1. Only one of (1) among the acidic types (D, E); (2) over 27 Å from A:G248 (Cβ atoms); (3) modelled with pLDDT of 95 or more fails for B:E35. Which number is that?
2. So, of the residues in segment A:54-72 that are within 11 Å of chain B (Cβ to nearest Cβ) and more than 8 Å from the ligand (Cβ to nearest atom), which turns out to be least open to solvent (accessible area, probe 1.4 Å)?
3. Within segment B:13-35, which residues are within 20 Å of A:M34 (Cβ to Cβ), acidic (D, E) and open to solvent by 50 Å² or more (accessible area, probe 1.4 Å)?
4. Tally up the residues in segment A:303-347 that are within 16 Å of the ligand (Cβ to nearest atom) and open to solvent by less than 40 Å² (accessible area, probe 1.4 Å), please.
5. Suppose we filter A:E370, A:E359, A:E317, A:E321 for residues that are among the charged types (D, E, K, R), assigned by TED's automatic domain parsing to the domain that holds A:V27 and touching a Leu at 6+ places or on another chain (Cβ under 9 Å); which single one remains?
6. Any idea which residue in segment A:154-204 is surrounded by the most Cβ atoms within 10 Å (Cβ to Cβ), counting only those that are of a type in the set (V, I, T) and modelled with pLDDT under 90?
7. If I go through segment B:69-95 residue by residue, how many of them are within 16 Å of the ligand (Cβ to nearest atom) and open to solvent by 50 Å² or more (accessible area, probe 1.4 Å)?
8. For B:I61, all conditions in the list (1) open to solvent by less than 30 Å² (accessible area, probe 1.4 Å); (2) away from the ligand (no atom under 16 Å from the Cβ) hold save one; what is the number of the exception?
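The values are calculated or read from the model by the stated rules, or taken from the named source; none is laboratory data. As the structure is a prediction and not an experimental result, all values here were calculated from the model. Because the Cβ atoms are built from the backbone with ideal geometry, glycine has one as well, and the counts that use them run over all protein chains shown. These accessible areas exclude ligands, DNA and RNA; they are computed on the full protein's heavy atoms, side chains included. Shrake-Rupley method; radii C 1.70, N 1.55, O 1.52, S 1.80 Å.
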Amino acid sequence: MSKVIIIGAGPAGLSAAITIAENGLEVLVLDEYMIAGGRLLGQLYEEPNGNWWNGIKESKQLYEKALDLGVKIQLHTAVSNLEKIDSSWVIYTATETYYTSHLLLATGATEAPLPIPGWTLPGVMSVGAAQVMTNVHRVKPGNRGVIIGVNVLSSAIAMELQLAGVQVACITLPKMSLVTKESGNPMNVMNSLLHVSHMAPSAFVKFGSKLMKIEFMKKMGITFFPKNGVKMWDIPIMLRKAVIEIYGDNEVEGVTMATISPTGEVIPGTEEKVQADFVCIAGGLYPLAELAAVAGCPFYHIEELGGYVPLHNERMETALEGLYVAGNITGIEGAKVAASQGVAAGLSIVHNNGTSNQEQNIKKAIQDIEHTRDNAFIQFHPAVKEGKQKLQHYWEEHLNTVKDMVGN
Amino acid sequence: MTKRIIDHPILGKLDDTDIISFTFNNKEYRGLKNESLAAALLANGVRTLRSHEESGAPRGIYCNIGHCFECRVTVDGQQGVRACLTPIKENMVVTSNEKLLTTVRDWRPENE
Ligand SMILES: Cc1cc2nc3c(=O)[nH]c(=O)nc-3n(C[C@H](O)[C@H](O)[C@H](O)COP(=O)(O)OP(=O)(O)OC[C@H]3O[C@@H](n4cnc5c(N)ncnc54)[C@H](O)[C@@H]3O)c2cc1C
């Protein structure tokens, strides 16, 4: 009997490992990071019931539970390639090659950059980098920062920075360009922001939810959006200003901002300098799915899920035998959803391995994912459920094609 | 080490007692045992980790979680090591990658 192998020790991978080990199979988890927990490690926010979601604690619990069940977790191990030889998945790392008949990819998500002049200067980092420095390593990314990109993640991390005593001068937009067009257009950003308003216990909530129900009012909202922004957790959010350039000799010294029109065009003559010793770029998240691509999975682009996702079904099986996916590789959502997908994937593996019949449990696990999704505190895309339906539709199409091929 | 967040209202107090030393570009620095090289250097105020191989422009961390490879340095003689994924060890020797000779570049105009 070969060991089940999981790539990624985030909430999805660890939850799957626990589920599989509980059912008596051997599991090996590979992860390139120094600590188990994935992107859950940096997460820190207050839930509506007043509890703090502390990613370090949550990660530690998952990690220790997995170890107690005999799961082997190998950190500092980057997987660079995989392929199928005969009926075995072959997994390549710098030092060793592994073989398994059941492989789960739980590699999570990654951040999209926004190319802005000056973005390679030391001191410019992704917003997730600042989160990890602050909450995991407990080192300040700087004393005073500007966040470029207004979205769920940047709003949450701005609050985390402030909590740790790091000043955020403002959260603002990038100058609109071919690449940044979505995140540089105030109207688009306003639309997506309506879904974070529940996280802001301030003027922003009222501002957002009251005004923004109808298209016309949204336009009015942008037009009359105060030039100096509205404040969320005391941090100005500026939808009518954009960063044109990040400046500094060898390191970040600040940004040049300008006022923009409701459609995102820079108004000449409004440029001003804002001093900062670090700058965060928040271009949004997309699934980190290269390994599924080299394995040969079919992919579909689904906007609501954050980008290209490998085709899979509700049981977390891909179109390739013995290859499974769970967590943010299947679409951008919070850690609780990722964990519930890990459980479903784990049960599918146990079932398909012939260890025990898990039909009932799989059904329940699929319902659990839905339930977790419905109750999620953080939602990265408001229409994630529609995205999942699109994917299900592609899966059914795929099954029909396979049937036709077998039929002929 | 003033850049560290010692007291955090939710995460509590940081244990900063286990200190080790390492060198970066021949200068000695101190950091916390097992923290990442990227974090240790930033805590010492070091943002520039290397020079771009072709332009010589300074570069530092970007993603901090192993995806972008912007923080690559040489550790104990091994090149291309990601500072954000590497825990510091006592007496570790770390150096920056410097600008390379550009003789291997393809100078034909369509590649400009
Ligand atoms: C920078 C960033 C910040 C985020 N912040 C938040 C937040 O504040 N709140 C929130 O709700 N969600 C956040 N998310 C979304 C996050 O992806 C989910 O909340 C959740 O962590 C997803 O779990 P996962 O198990 O699918 O993946 P992850 O938690 O990302 O875990 C994946 C693991 O796989 C490993 N890995 C990837 N590729 C390889 C490889 N080739 N070889 C070896 N190991 C590999 C990684 O090192 C990582 O440990 C963030 C995502 C990112 C990228």
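1. With respect to (1) among the acidic types (D, E); (2) over 27 Å from A:G248 (Cβ atoms); (3) modelled with pLDDT of 95 or more, B:E35 is out only on (2).
2. Taking segment A:54-72 first, the residues within 11 Å of chain B (Cβ to nearest Cβ) are A:54-57.
In the following step, the residues that additionally are more than 8 Å from the ligand (Cβ to nearest atom) were identified as A:54, A:56-57.
Values: A:N54: 21, A:I56: 61, A:K57: 130 Å².
Looking at residues that are within 11 Å of chain B (Cβ to nearest Cβ) and more than 8 Å from the ligand (Cβ to nearest atom), I get A:N54.
3. Just the residues of segment B:13-35 that are within 20 Å of A:M34 (Cβ to Cβ), to begin with: B:14-22, B:24, B:29-35.
This time we only want the ones that are acidic (D, E), so: B:15-16, B:18, B:35.
Selection gives B:D15, B:D16, B:D18.
4. Within segment A:303-347, the subset within 16 Å of the ligand (Cβ to nearest atom) is A:304-310, A:312, A:316, A:318, A:323-346.
Those left that are additionally open to solvent by less than 40 Å² (accessible area, probe 1.4 Å): A:304-307, A:309-310, A:312, A:316, A:318, A:323-335, A:337-342, A:344-346.
Number satisfying all stated conditions: 31.
5. Working: A:E370 fails: touching a Leu at 6+ places or on another chain (Cβ under 9 Å); A:E359 fails: touching a Leu at 6+ places or on another chain (Cβ under 9 Å); A:E321 fails: touching a Leu at 6+ places or on another chain (Cβ under 9 Å).
Of A:E370, A:E359, A:E317, A:E321, the one residue that is among the charged types (D, E, K, R), assigned by TED's automatic domain parsing to the domain that holds A:V27 and touching a Leu at 6+ places or on another chain (Cβ under 9 Å) is A:E317.
6. Quick first cut of segment A:154-204, residues of a type in the set (V, I, T) only: A:157, A:166, A:168, A:171-172, A:179-180, A:189, A:196.
After this cut, where a residue has to be modelled with pLDDT under 90 as well, the list is A:179-180, A:189, A:196.
Numbers: A:V179: 15, A:T180: 21, A:V189: 19, A:V196: 23.
The selected residue is A:V196.
7. 1
8. (2)
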